[in-house]
Amino acid sequence: MKQSQIKYLEEIAGQDFVITDIEDKICFGYDSTRLEFMPDVIVKVKDAGQISSILKFANEYKIPVTPRGAATGLSGGCLAVNGGISLVMLEMNAISEVNNVDLLVEVQAGAITVDVDKAANKYGLFYPPDPGSLKTSTIGGNIAENAGGLRGLKYGVTKDYVKSLELVLPTGEIINTGAITVKSVSGYNIVDLITGSEGTLAIVTKATLGLLPIPKAKASVLATFDDMASAASAVRDIVAAGIITATLEFVDNVTINAIEDYLNIGLDRNTGAMLLIEVDGYEAAVEAEAQTVKDVCGKNNCSSFRLATSAEERDRLWSARRAALSSLARVRPSTILEDATVPRSRIVELVEAVNDIAKKYGLSIGTFGHAGDGNLHPTILTDLRDKEEEVKVEKAIEEIFIKTIELGGTLSGEHGIGLTKAKFLKLEVSEDAYRLMKNIKKTFDPNNILNPGKLLIN
Amino acid sequence: MADKKNNHEIKNHQSSLKTAKVFKKGDDLFACSRCGTCLAICPVYKNTLDESFAPRGKLSLIEAVANKRIPFTDRLSKKIYTCTMCDFCTSECPSGVKVNELFAAVREDLVENKKYPEVLDYLKDKIEKAYNITFDSNQGRTDWLKQVPGTDIGDYVKQTAEVVYFVGCVSSFSPRSFSIPRAIVKLLKIANVDFTLLSEDEWCCGFPLLGSGMRQEVKTLAEHNIEAVIKRNAKVLLTSCPSCFHTWKHEYEKLTGIKAGFEIMHVSQYLLKLVKEGAIKPGSLNIKVTYHDPCDLGRNSGIYDEPRQLIKSIPDVELIEMASAKKQANCCGGGGNIESLDPALSAKIADNRAEEVLLTGAEIALSACQQCERTMGTALKKKKSEGGVKLKAMDVAELLLKSLESEQN
């Protein structure tokens, strides 16, 4: 970028908030994919007005603009692949007073997810979406990626809680869209279009989010099974029994062994699969549901079953599941976390396919994730400095994706397409649908300045 | 959009990089997955909201240096040194990256490349000339004691003794902290412990230099101090400063190769032992307190329980934990050399911790570190002047002494 252009950005955002030093650009060049693309300039913005001025300018001179929150994404959404401006949203982090009648809270895009939940907690409410990075991630990033989490089965994902948005369009207009009412059918649903659009259509500056009352009681169950098929059958039967659990997490044998290597907490290394189930609601309902879960696990030959109702006991049960990713991450220098998602009924087939693919390429892949909603995290343990192995990893990922689609699934449950899965999108989306997406992009962003190189690439 | 300036800089990386210590840490550097877990806990990141000051950012800069993408620069140096060394990131890193070791290595590299904050030269100069972190003569090591009326210095500085109390520079020279060593020696006297101070034979433990990346300079200090304790025929070395404790316990042997034949204990551990043996009988105090884990005592040395047991040994004291405690305790802002490098940031971090203290409803914020006591005390005082808050910071030893004195009244 030209020096005069940097100067202009300084006039908009202030000199201290426009940074071009290489040391900073390195740090604003990565996210949790560990890929690196340096922006030409970092701009820390304060309000929608500044963003509007920057986008008008960028649109005129065709400078790429890539919004960035806490950069914990797993598909490369905030990486400035074509250079240009990295638009840092972290300073815009205000959270309004909670409206405990309409169960709403208005937040700026840079607000941290857990802070929104804490604000709601003061009123006996909570913000249900709970992505793994919630202590760091921003609401803007969550909306861009339509982040999910552990509670997806019962409580849905980010899109289920976004009521209305303030947006800055790539051409600089500031618009408000959506409604804070429970129901609204006024025109096209732009809110749902933007949620999950990965910062390619508009920049979210403010959102009104829905909240729910905190359930009165909770119970957690840890059940182990000799084989994956029995665990999957238990999952099926729990749902068939009419219970929608708050969480229904699954950990496979490779992951169990990694956890045991790391924590040495006495897990049975021969366990085929572990389920962590949480039910919540009114006390009586929770009690009855926990009993049903127990019966179902028993019928499916679980090798062990533990029930916890107190916060402390629940915490202990969860320690293994919580350590899943850390334990896997310690096995090899690099960890690639995928989020292939299939219908609940096809989980066993996907896990078996992942194991076969791992064997075929001589790779180590641990799988854990959200069995309740079919969103699994096959995690490839590798060393990306080994170029030969990297090629195998890429082939394995492609095969996992192909199998996922075959099983009626989707490439990404909650991490987004971004950079890393863009070349696979056509496995899932037809040519006509792809063209429609491109036309939508063009309508919003005629000069392709907003987060170029993501989602739609050709 | 090629960046000409970058290319130029990258071509000019220094030849001294050949010796860079961070090279040896290749695997660890690569193991950072950039997951961002450290952002949620790093006190520096939380108060700057700037990725380049976060552990993950610093690691990416170290990696860039190791890969010769960039040279050691002043800007990089400032980012690296803006750290409280609380090591929360190291203990929470899901991938188990030894962040603290990498940071220590890069600081040594920065020192070798003469890219470190000027104020650290001043500090080094002070320690080399006066063997303490002030410019005062080291003979003033026991001045805090002389100010206690009726003190016979001979009772406190002996040729040999079973226990050596290593007071530390801050408690020895900063009047603000004198009440801590005074409480400790009073308690040791009450318990009839055969102890001595090293007086001017006590040299700075070297912790501030270790944190600065000046490891080599610490060896002489370590050798002198170990020798001084051996000369006293002591069985136990006591420190009240957690950073002295950490340095004695985890660094001295590595630096000197000398295996100390005496036990190294923190005062909180030793006082608890005295209470358990019945040598000290705590009096009753009807008061609500909270306890702040000093980073060098808690996370860096694993001592969480003894200070708490000591507090609970005082009848009627109610200990209320803060939202973050033990291994997950937030830093007070006084760690590393950040207080001299960026006082405003240090104060902000202290203010965050003071907020946690207030939420407990405690009347006294306890710690087992003169530095934590000072930073939190200042933050709490500021809150007091803003209105409404009646709360003071205190060392656990001071509370124990207070309980004895209240019993006498």
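Worth a mention:
- Of all residues making up segment B:252-274, the number that are open to solvent by 30 Å² or more (accessible area, probe 1.4 Å) and either of a type outside the set (A, V, I, L, M, F, W, C) or not assigned by TED's automatic domain parsing to the domain that holds B:Ser174 (or both): 8
- Restricting attention to segment A:99-115 and to residues that are within 14 Å of chain B (Cβ to nearest Cβ) and within 25 Å of A:Thr245 (Cβ to Cβ), the residue that is most open to solvent (accessible area, probe 1.4 Å) turns out to be A:Val114.
- Verdict on B:Arg374 being under 26 Å from B:Arg107 (Cβ atoms), out of contact with any strand residue (DSSP E or B) (no Cβ under 6 Å at 6 or more places or on another chain) and open to solvent by less than 10 Å² (accessible area, probe 1.4 Å): no
- Being modelled with pLDDT under 95, under 19 Å from A:Gly141 (Cβ atoms) and among the charged types (D, E, K, R) is a condition met by no residue of segment A:37-44.
- For segment A:319-345, taking the residues that are polar (S, T, N, Q) and touching a Gly at 6+ places or on another chain (Cβ under 9 Å), the one that is nearest to the other protein chains (Cβ to nearest Cβ) is identified as A:Ser326.
- When B:Ile180, B:Ile190 are checked against the criterion of being closer than 30 Å to B:Ser406 by Cα, in contact (Cβ under 8 Å) with a residue 60 or more places away in the chain, open to solvent by 10 Å² or more (accessible area, probe 1.4 Å) and not charged (D, E, K, R), B:Ile190 stands alone in meeting it.
- Residues that are buried (at least 21 other Cβ atoms within 10 Å of the Cβ), part of a helix (DSSP H, G or I) and among the polar types (S, T, N, Q) occur at least once in segment B:227-243.
- Filter result for A:Glu312 (under 16 Å from A:Leu222 (Cβ atoms) and either assigned to a helix (DSSP H, G or I) or open to solvent by 50 Å² or more (accessible area, probe 1.4 Å) (or both)): yes
- Any hit, segment B:222-232, residues being outside the structural domain of B:Gly335 (by TED's automatic domain parsing) and closer than 24 Å to B:Cys83 by Cα: no
- Scanning segment B:193-209 for residues that are surrounded by fewer than 24 Cβ atoms within 10 Å (Cβ to Cβ) and either farther than 20 Å from B:Ser268 by Cα or of a type in the set (Phe, Trp, Tyr) (or both) returns B:Phe195, B:Ser199, B:Glu200, B:Asp201, B:Trp203, B:Pro208.
- Near pairs, Cβ below 9 angstrom, 6+ apart or cross-chain, from segment B:122-141 (surrounded by fewer than 13 Cβ atoms within 10 Å (Cβ to Cβ)) to any residue that is in a loop (DSSP other than H, G, I, E, B) and at pLDDT below 90: B:Asp125/B:Phe135; B:Lys129/B:Phe135
- Hey, B:Arg56 facing another protein chain (nearest Cβ under 10 Å) and surrounded by 20 or more Cβ atoms within 10 Å (Cβ to Cβ) or not: yes
- Here B:Thr37 meets the list (1) open to solvent by 10 Å² or more (accessible area, probe 1.4 Å); (2) farther than 26 Å from A:Gly141 by Cβ; (3) within 10 Å of another protein chain (Cβ to nearest Cβ); (4) not hydrophobic (A, V, I, L, M, F, W, C) almost entirely, failing just condition (2).
- Filter pass, A:Leu337 being open to solvent by less than 20 Å² (accessible area, probe 1.4 Å) and aliphatic (A, V, I, L, M): no
- Residue in segment A:47-55 that is surrounded by fewer than 22 Cβ atoms within 10 Å (Cβ to Cβ), farther than 23 Å from A:Gly196 by Cβ and within 13 Å of chain B (Cβ to nearest Cβ) present: no
- All positions within segment B:293-316 that are more than 13 Å from the chain's Cα centre (by Cα), closer than 20 Å to B:Ser240 by Cβ and not charged (D, E, K, R): B:Gly302, B:Ile303, B:Tyr304, B:Pro307, B:Gln309, B:Leu310, B:Ile311, B:Ser313, B:Ile314
- Just so you know, in segment A:64-96 the residues that are in contact with an Asp or Glu (Cβ under 8 Å, 6 or more places away or on another chain) and farther than 19 Å from B:Gly36 by Cβ include one that is farthest from the other protein chains (Cβ to nearest Cβ), and it is A:Ser96.
- For segment A:276-294, the count of residues that are in a strand (DSSP E or B), without any contact (Cβ under 8 Å) to a residue 60 or more places away in the chain and either among the charged types (D, E, K, R) or crowded, with 23+ Cβ neighbours inside 10 Å (or both) is at least one.
- Test: residue in segment A:354-376 that is open to solvent by 10 Å² or more (accessible area, probe 1.4 Å), in contact with a helix residue (DSSP H, G or I) (Cβ under 8 Å, 6 or more places away or on another chain), more than 14 Å from every other protein chain (Cβ to nearest Cβ) and hydroxyl-bearing (Ser, Thr, Tyr): yes
- In the condition set (1) open to solvent by 30 Å² or more (accessible area, probe 1.4 Å); (2) assigned to a loop (DSSP other than H, G, I, E, B), A:Asp160 is compliant with all but (2).
- Positions within segment B:59-100 being open to solvent by 10 Å² or more (accessible area, probe 1.4 Å), at the interface with chain A (Cβ under 8 Å from one of its Cβ atoms) and either of a type in the set (A, V, I, L, M) or more than 26 Å from A:Ala324 (Cα to Cα) (or both), in sequence order: B:Arg69, B:Thr73, B:Arg75
- Sole exception among (1) in contact with a Gly (Cβ under 6 Å, 6 or more places away or on another chain); (2) surrounded by 20 or more Cβ atoms within 10 Å (Cβ to Cβ); (3) at negative phi for B:Gly336, by number: (3)
- Counting only helices (runs of 4 or more DSSP H) wholly contained in segment A:374-458, the ones carrying 1 or more residues that are touching a residue at least 60 places away in the same chain (Cβ under 8 Å) and under 24 Å from A:Pro343 (Cα atoms) occupy A:387-406.
The values are calculated or read from the model by the stated rules, or taken from the named source; none is laboratory data. None of the values given here were measured: they were computed from a predicted structure. When we count neighbours, we look across all protein chains shown, and the Cβ atoms used for this are built from the backbone with ideal geometry, even at glycine. Ligands, DNA and RNA are stripped out before the accessible areas are found, and what is left, the full protein with its side chains, is counted by its heavy atoms. Shrake-Rupley method; radii C 1.70, N 1.55, O 1.52, S 1.80 Å.
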